[in-house]
Amino acid sequence: MQKILKIILILFYTSQAAAFTDNNKFGQAIIIAAGGADSANSLYPYSNEYTQRMYGILKQRRLDDEDISYLKSDIQELDIKVAFQKAAQNLQAGQQFIFYLHGHARSKHFIISPNYELSASQLSDLLNTIPKGVQQIIILDTCFSGSFVDEIANNKERIIITSADDKSLTWQIKYASFGDQLLRELQRGYSITEAFGFAEQIVKTQTHLFKNQAPALYNKPEKPVYLVNQGIYDFLPPTLEVHPRISIENKIATTLWLKATPTQETIQKVQAILIKPNFTIQDYQGLKTDFSRTEIELIYNPAQKRYEIVYDNFKQAGIWNIQYQAQGNNGLWSEIVTGEVKVINPNNKQTMMDISLNKSIYRAADNMQWNLTLSGKDIIIDLYLGMVLPEDNIKILIYPQNKFSEEVNNFKAYISDLKINGQKTYFIKSHLPEQIKKGNYGACGVLIPPGETFKLEDQTNWIDVTCSEFAIE
């Protein structure tokens, strides 16, 4: 079947290539990976990846390098003006213009570089230089991208896709992304409307990842419109078969594996992205948003004819979701296929605890949500919660007010005689002090036997301890 499919695609590719001559120009494109010159921009590796993927799609659809202005790293206002001048000079009615931008934004301003922002009105002026009769495809893959629409949607030749509305602070890219799905569907050869529909659906159905993110399509075409050309000009990406659910108890290691089709010789990379149990998305925090994730690469085992890796850091009880992907030698990524690992009592303890926060960066007087997960079987404990200060002193969290103590190192249980039977997550909303200093902090919890004395200098009676780091700026 694979061999037949390849023959069909080769014949299609050849027939299309014969139909297009060097004299036939399909259009022009501008691609912008914004914010690359700022070392603090943790999103840029993804902006770079996504814009490279868009570049690859356009090349597959028969745009030449001379038809594409690909801007990244230290982009200045002049660079964008020159790119638009070049596009306008080389476009004529009946052709297509593509503008794709990925990166950070605030309302009506794209953060192109540390010293340069592109406003909605400036973008409108630039787009208005594109000749009449040229179909425009504008894809804005940033937060607040909906805030640009009022300025640029007045041209009916301009089809606009935004990954968010004009007010949304939500941004998810660690484990799934509207932009990622959109690029996948465009790569498969779907029309603009179809690709948007598939990508929008992932946002609507996975609300635990995307909260209130609201992508939109403006000036929806009545007939199918394709990126440059209709059709697919490359072999299909790999397909994956992953392991059934794995269950491990009283240990933290297991083998993750998958089988990929076609053969190992055509695959460049296989990766797994790990999502912890009870994962909660953090709020978007601009350039300092934490986009880091646990990502590991699987190695081909010829004896088993599969890709595998022994992962030895399953330290949290519960269901771990493992997102697998494979990249072919042609650069195309497979669909994300999810496997599960059920972890039971990983450290062979009677009781386990995990703490995560709704943010990694706060300001003084901010609200702070603790996501506290406790698991165990028929055990009673005393729970201590507190904030570790930069100088290593501790202010405890006081129940039921959920305020931090004024004094330091005066330990009192948050809850005493708490019975644990099974696993349960508590969502605790606290309030940071107004006079808190800038620096690095920790939100920590300790479990000890009921009625025993808590001693910071003597941890022999500690059943479990866990911390989640955060910063005050």
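Taking the radius of gyration and the Kirkwood hydrodynamic radius from Cα positions alone, what is the Rg/Rh ratio for the stretch 56-161, to two decimal places? Across the stretch 56-161, the Cα-based Rg/Rh ratio is 0.93.
Taking all Cα-Cα distances within the stretch 351-472, those exceeding 18 Å account for 49%. Computed over the stretch 293-336, the range of Cα coordinates on each principal axis works out to 38, 25, 14 Å, biggest value leading.
Between residue 132 and residue 79, what's the calculated FRET efficiency when r is the beta-carbon distance and R0 is 22 Å? Round to 0.05. Taking R0 as 22 Å, the efficiency between residue 132 and residue 79 is 0.30.
From largest to smallest, the equivalent ellipsoid semi-axes obtained for the chain from the alpha-carbon gyration tensor read 48, 29, 16 Å. Within the straight-line cut-off of under 14 Å between alpha carbons, the aspartates and glutamates reachable from residue 211 are 165, 200, 283, sequence neighbours fewer than 8 places apart in one chain being disregarded. Candidate cross-link partners of residue 132 among the aspartates and glutamates, defined by an alpha-carbon separation under 17 Å and a same-chain spacing of 8 or more, comprise 157. Neighbours of residue 403 by Cβ distance under 13 Å: Lys/Arg scored +1, Asp/Glu scored -1, total 0.
For a 4.7 Å threshold on C-beta separation, the list of partnerless cysteines in the chain reads 143.
Kindly state, to the nearest 0.05, the FRET efficiency for residue 268 paired with residue 465, given R0 = 35 Å and r defined as their beta-carbon distance. It comes to 0.25.
How much length is gained if the chain between residue 167 and residue 327 is pulled fully straight, taking 0.36 nm per residue apart and subtracting their Cα-Cα distance, in nm to one decimal?
Full extension from residue 167 to residue 327 adds 54.1 nm.
Of all lysines in the structure, those lying under 17 Å Cα to Cα from residue 455, and not within fewer than 8 positions of it along the same chain, are 395, 412. Computed from point charges on the beta carbon alone (+1 for Lys and Arg, -1 for Asp and Glu), the dipole magnitude for the chain about its Cα centre is near 1060 Debye.
Working note: Cα atoms of the stretch 323-404, range along each principal axis, descending, whole Å: 56, 39, 24.
When 84, 99 are sorted by how many other C-beta atoms sit within 10 angstrom of their C-beta, beginning with the fewest, the order is 84, 99. Ordering 104, 431, 243 by the number of other Cβ atoms within 10 Å of each residue's own Cβ, fewest first, gives 431, 243, 104.
Restricting attention to the chain, close to 75% of DSSP beta bridges with both partner residues there are antiparallel. In this rough spin-label picture, where each label sits 7 Å from Cα along the Cβ direction, the residue 473-residue 417 distance is 4.6 nm.
For the stretch 24-218, the fraction of alpha-carbon pairs lying more than 24 Å apart is 34 percent, rounded to a whole number. Were the residues from residue 90 through residue 119 laid out at 0.36 nm apart, the gain over their Cα-Cα distance would be 8.0 nm. Taking Cβ atoms as reference points and 15 Å as the exclusive limit, the residues near residue 147 contribute a net charge of -3, counting Lys and Arg as +1 and Asp and Glu as -1.
Estimated from the Cβ-Cβ distance and a Förster radius of 51 angstrom, the FRET efficiency linking residue 454 and residue 338 is about 0.80.
Read-outs throughout are calculated quantities, based only on the coordinates presented, and are distinct from any laboratory measurement. Keep in mind it's a predicted model, so treat the numbers as computed, not measured. Cβ atoms come from the backbone with ideal geometry, glycine included; neighbour counts cover every protein chain shown.
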